[in-house]
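Trainee: First the structure, which I've put down as structure tokens, then a few questions once you've had a look.
The values are calculated or read from the model by the stated rules, or taken from the named source; none is laboratory data. It should be emphasised that the depicted structure is a prediction, and the values quoted were computed from it without experimental measurement. Backbone-built Cβ (ideal geometry, glycine too); neighbour counts: all protein chains shown. What goes into the accessible areas is simple: the full protein's heavy atoms, side chains included, and nothing from ligands, DNA or RNA. Shrake-Rupley method; radii C 1.70, N 1.55, O 1.52, S 1.80 Å.
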Amino acid sequence: MLRQIHHILAFVCAVHAAAAREINFEALFGPHVSDDTEIASAGSDNFSSVLSHHWTLWKAPKFQGAIKPATEADVQKIVKLATKNNISFLATNNGHGTNTKYGITPVDLNINLRNLNSVAVDGKKNTVTIGGGTVLGEVTEKIYAAGKELPTGNAVCVGMVGLTIGGGVGVQTGTHGLTLDALLSVRLVTWTGDVITVSKKRNADLFWAIKGAGANFGIITEATYELYDHTNHGQVLYNRYTFPASANRSIFELMATYDGDNLPAPMSYIPQIRFNRETNLPEILLLIVYFGSKEQAQPHIDKVLALKPVAATLNYGPQPPMFEFLSVGLCSTDYRNHFHVGTKRTDPATYEEIFGDMVEFYKAHPGYNGVVILQRESTRYALSRPVHESVYPWRDIGTFALMLNRWDPTTVSDADLESIADTVMGKIQKTSGFKTRHVYINYDYGTETLAEIYGAKNLNRLSKLKGEWDPHNKFGRGNPIPLLGKVKASSYGRFVENGRADDLRK
Ligand SMILES: Cc1cc2nc3c(=O)[nH]c(=O)nc-3n(C[C@H](O)[C@H](O)[C@H](O)COP(=O)(O)OP(=O)(O)OC[C@H]3O[C@@H](n4cnc5c(N)ncnc54)[C@H](O)[C@@H]3O)c2cc1C
């Protein structure tokens with residue numbers, strides 16, 4: 001009887017709470033923001049145009065309302081009002097966050113930053129300042145035209161600030177390091193609605209934390225980066241080779257020869273396991289990018305040609321079309337998710353085995369069109385940076401192993417996907433060269449421990465900064481940093497005050 005009363009009371013409270021959370025966003029925010037700021041409640045006609053884009057139809061975040069600020073001052077007012085009225089919010093740019101928690105935890109308000117979209121190159125200072133709502137493709141085009149370059153990621157659709165504050169890994173990682181290595185300063189709206197500058201000189205501790213855990217501390221309205229002169233006069237080689245399934249082992253053996261420091265800094269070696277639904281055959285694509293002359297790349301191209309590709313697309317030219325080329329198949333929106341683990345060692349036998357696992361899965365699931373991508377970048381530059389400059393913990397990852405799933409949800413289930421991902425990622429982890437999992441935060445799935453994301457040694461310092469800058473946990477919904485002293489054992493892993501973090505699932 002008592003239990004029944006408890007249930008009835010809980011139900012009444014929930015209904016009451018849900019009703020109480022019905023917020024009139026237009027009435028609350030409208031009078032305080034500029035005329036160009038768009039506001040919509042879920043269900044209204046313009047909701048989808050105010051709401052941020054999201055990269056996948058699978059588990060997309062759900063919001064009661066969306067707001068698209070036009071200026072930094074609008075962002076300040078929105079944060080202030082949301083905080084005052086206890087409205088939960090998530091600021092997004094182009095919605096390429098891979099963390100599934102975004103789609104699981106309900107949030108009241110989406111702050112869509114896409115209108116804060118600007119790129120200003122300062123040729124004299126050798127810097128670029130971008131708005132917090134700019135995407136990668138918009139940045140690379142403009143800086144290239146100014147005779148400059150910046151290490152970014154590879155997909156033109158990804159939000160530039162979102163990418164930077166997690167790391168920023170791409171085909172220029174070998175020559176210039178991570179995107180966050182080029183970051184000079186940001187303007188950040190804090191939970192109180194104030195704007196602060198964060199750089200090496202101002203709020204230096206926070207600058208350390210923003211470079212790797214940046215989603216946890218505020219909304220970045222502007223970011224300034226150091227620029228570099230064009231490598232090889234702005235010309236880059238980017239070739240894609242197609243191989244039959246039989247060549248898979250030799251492609252992984254060639255990859256293993258580049259382990260350690262053996263991959264030239266200007267080069268990327270990126271094999272991709274896939275299934276060609278037209279020929280009904282598995283195949284392997286190999287992407288070679290080289291920021292140098294054709295002559296410099298040739299010895300490496302010769303090794304690839306010796307493996308007898310059956311087709312090739314050869315390119316040599318300016319950088320912007322290369323980014324478009326690298327983005328093919330990455331920037332469209334359908335059912336997708338993403339699994340990942342970092343490695344520093346290539347074990348050809350393991351990769352050959354997972355090639356076999358994938359082929360079985362492709363054959364058993366005609367509605368599945370996922371790929372396994374092994375994004376091998378040179379670690380030379382990243383490892384040469386002093387580690388204390390940023391929280392980013394995994395400069396020793398040489399290969400970012402990714403499983404990018406695409407599927408027809410009527411024929412492939414979430415359980416099928418989880419099962420093949422567990423098999424493939426588990427095998428890669430075992431021979432990765434790392435005892436514990438090294439997970440690049442920007443490629444996370446959402447079930448990793450904080451130690452796997454931020455590095456156990458960084459957790460205490462991060463937690464202290466969280467208490468200082470975001471004491472009410474307004475930011476960082478993907479991988480929230482717990483406040484020191486308020487940490488309990490949770491599914492994220494145990495986080496204890498002496499700085500050790502133990503994964504409870506092990
Ligand atoms: C198809 C695809 C390709 C990718 N390719 C690469 C790649 O080549 N290299 C690479 O390194 N990564 C890559 N990523 C990962 C990508 O860098 C991260 O997912 C990044 O967080 C996406 O940023 P976004 O703004 O598009 O995403 P969002 O979902 O909008 O944001 C992601 C997180 O960043 C926060 N955020 C975004 N903008 C701001 C801001 N202005 N201020 C404060 N917080 C902000 C959000 O609050 C959220 O927590 C890729 C992801 C996908 C899905």
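Trainee: In region 77-151, which strands (runs of 3 or more DSSP E) lie fully inside it and hold 2 or more residues that are near the ligand (Cβ under 10 Å from one of its atoms)?
Mentor: Working: elements: 89-92, 107-112, 119-122, 127-131.
Correct list: 89-92, 107-112, 127-131.
Trainee: Among the helices (runs of 4 or more DSSP H) contained in region 162-264, which hold 1 or more residues that are within 16 Å of the ligand (Cβ to nearest atom) and surrounded by 17 or more Cβ atoms within 10 Å (Cβ to Cβ)?
Mentor: Numbers: elements: 173-176, 204-213, 248-257.
The qualifying helices (runs of 4 or more DSSP H) are 173-176, 204-213.
Trainee: Same structure again: Which one of LEU81, LEU113 is touching a residue at least 24 places away in the same chain (Cβ under 8 Å), of a type in the set (A, V, I, L, M) and crowded, with 23+ Cβ neighbours inside 10 Å? Working first, answer last.
Mentor: Details: LEU81 fails: crowded, with 23+ Cβ neighbours inside 10 Å.
The match here is LEU113.
Trainee: Of the residues in region 61-76, how many are open to solvent by 20 Å² or more (accessible area, probe 1.4 Å), part of a loop (DSSP other than H, G, I, E, B) and either farther than 25 Å from THR449 by Cβ or touching a residue at least 60 places away in the same chain (Cβ under 8 Å) (or both)?
Mentor: Of region 61-76, the ones open to solvent by 20 Å² or more (accessible area, probe 1.4 Å) are 61-64, 68, 70-73, 76.
Those left that are additionally part of a loop (DSSP other than H, G, I, E, B): 61-62, 70-71.
After this cut, where a residue has to be either farther than 25 Å from THR449 by Cβ or touching a residue at least 60 places away in the same chain (Cβ under 8 Å) (or both) as well, the list is 62, 70-71.
Residues that pass the stated criteria total 3.
Trainee: Can you tell me which residue among VAL128, VAL139 is in contact with a Phe, Trp or Tyr (Cβ under 6 Å, 6 or more places away or on another chain), over 27 Å from ALA42 (Cα atoms) and open to solvent by less than 10 Å² (accessible area, probe 1.4 Å)?
Mentor: Checking each option against the conditions leaves just VAL128.
Table: residues versus (1) assigned by TED's automatic domain parsing to the domain that holds PHE339; (2) in contact (Cβ under 8 Å) with a residue 40 or more places away in the chain; (3) in a helix (DSSP H, G or I).
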{"site": "MET403", "(1), (2), (3)": "yes, yes, no"}
{"site": "ASP422", "(1), (2), (3)": "yes, no, yes"}
{"site": "GLY433", "(1), (2), (3)": "yes, yes, no"}
{"site": "GLY478", "(1), (2), (3)": "no, yes, no"}
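Trainee: For region 466-476, name all the residues that are assigned to a helix (DSSP H, G or I) and either surrounded by 22 or more Cβ atoms within 10 Å (Cβ to Cβ) or in contact with a Cys (Cβ under 7 Å, 6 or more places away or on another chain) (or both).
Mentor: Start the filter on region 466-476 by keeping residues that are assigned to a helix (DSSP H, G or I), which leaves 466-469.
LYS466, TRP469 - these are the residues of region 466-476 that are assigned to a helix (DSSP H, G or I) and either surrounded by 22 or more Cβ atoms within 10 Å (Cβ to Cβ) or in contact with a Cys (Cβ under 7 Å, 6 or more places away or on another chain) (or both).
Trainee: Select from region 321-338 the residues that are open to solvent by less than 20 Å² (accessible area, probe 1.4 Å) and more than 10 Å from the ligand (Cβ to nearest atom) and list them in ascending order.
Mentor: The one that is open to solvent by less than 20 Å² (accessible area, probe 1.4 Å) and more than 10 Å from the ligand (Cβ to nearest atom): MET322.
Trainee: Something else about it: Basic (Lys, Arg), part of a loop (DSSP other than H, G, I, E, B) and either within 15 Å of the ligand (Cβ to nearest atom) or not assigned by TED's automatic domain parsing to the domain that holds LEU178 (or both): which single residue out of ARG376, ARG437 fits that description?
Mentor: Exactly one residue qualifies, and that residue is ARG437.
Trainee: Listed residues TYR351, TYR445, TYR362, TYR368; which is within 16 Å of the ligand (Cβ to nearest atom) and touching a residue at least 40 places away in the same chain (Cβ under 8 Å)? Reasoning before the result, please.
Mentor: Details: TYR351 fails: within 16 Å of the ligand (Cβ to nearest atom); TYR362 fails: within 16 Å of the ligand (Cβ to nearest atom); TYR368 fails: within 16 Å of the ligand (Cβ to nearest atom).
Of TYR351, TYR445, TYR362, TYR368, the one residue that is within 16 Å of the ligand (Cβ to nearest atom) and touching a residue at least 40 places away in the same chain (Cβ under 8 Å) is TYR445.
Trainee: I'm trying to understand the selection: among the residues of region 347-365, which are of a type in the set (A, V, I, L, M) and open to solvent by 50 Å² or more (accessible area, probe 1.4 Å)? Don't jump to the end; show me each part of the working.
Mentor: As a first pass, look at region 347-365 and keep what is of a type in the set (A, V, I, L, M): 349, 354, 358-359, 364.
Correct list: ALA364 only.
Trainee: So is SER41 open to solvent by 30 Å² or more (accessible area, probe 1.4 Å), among the hydroxyl-bearing types (Ser, Thr, Tyr), over 19 Å from GLY478 (Cβ atoms) and more than 14 Å from the ligand (Cβ to nearest atom) or not?
Mentor: no
Trainee: Would you tally the residues in region 442-467 being closer than 14 Å to SER390 by Cα and out of contact with any strand residue (DSSP E or B) (no Cβ under 7 Å at 6 or more places or on another chain)?
Mentor: Qualifying residue count for the region: 8.
Trainee: Anything in region 368-390 that is surrounded by fewer than 24 Cβ atoms within 10 Å (Cβ to Cβ) and of a type in the set (Val, Ile, Thr)? List them, or say none.
Mentor: Within region 368-390, VAL371, ILE373, THR379, VAL387 meet the criteria.
Trainee: Could you check how many residues of region 391-421 are surrounded by fewer than 23 Cβ atoms within 10 Å (Cβ to Cβ), farther than 12 Å from ASN337 by Cα and of a type in the set (A, V, I, L, M)?
Mentor: Residues in region 391-421 being surrounded by fewer than 23 Cβ atoms within 10 Å (Cβ to Cβ), farther than 12 Å from ASN337 by Cα and of a type in the set (A, V, I, L, M): 2 in total.
Trainee: Can I ask one more? Here is a list of conditions, (1) more than 24 Å from the chain's Cα centre (by Cα); (2) open to solvent by 50 Å² or more (accessible area, probe 1.4 Å), and HIS53 meets all of them except one; can you say which number that is?
Mentor: (1)
Trainee: Which of the residues that make up region 447-485 are of a type in the set (D, E, K, R) and out of contact with any Phe, Trp or Tyr (no Cβ under 7 Å at 6 or more places or on another chain)?
Mentor: So in region 447-485, the residues of a type in the set (D, E, K, R) come out as 448, 452, 457, 461, 464, 466, 468, 470, 474, 477.
The answer is GLU448, GLU452, LYS457, ARG461, LYS464, LYS466, GLU468.
Trainee: Taking MET267 and the conditions (1) more than 17 Å from PRO366 (Cβ to Cβ); (2) surrounded by fewer than 22 Cβ atoms within 10 Å (Cβ to Cβ), which numbered condition does it fall short on, given that it satisfies the others?
Mentor: Failed condition: (2).
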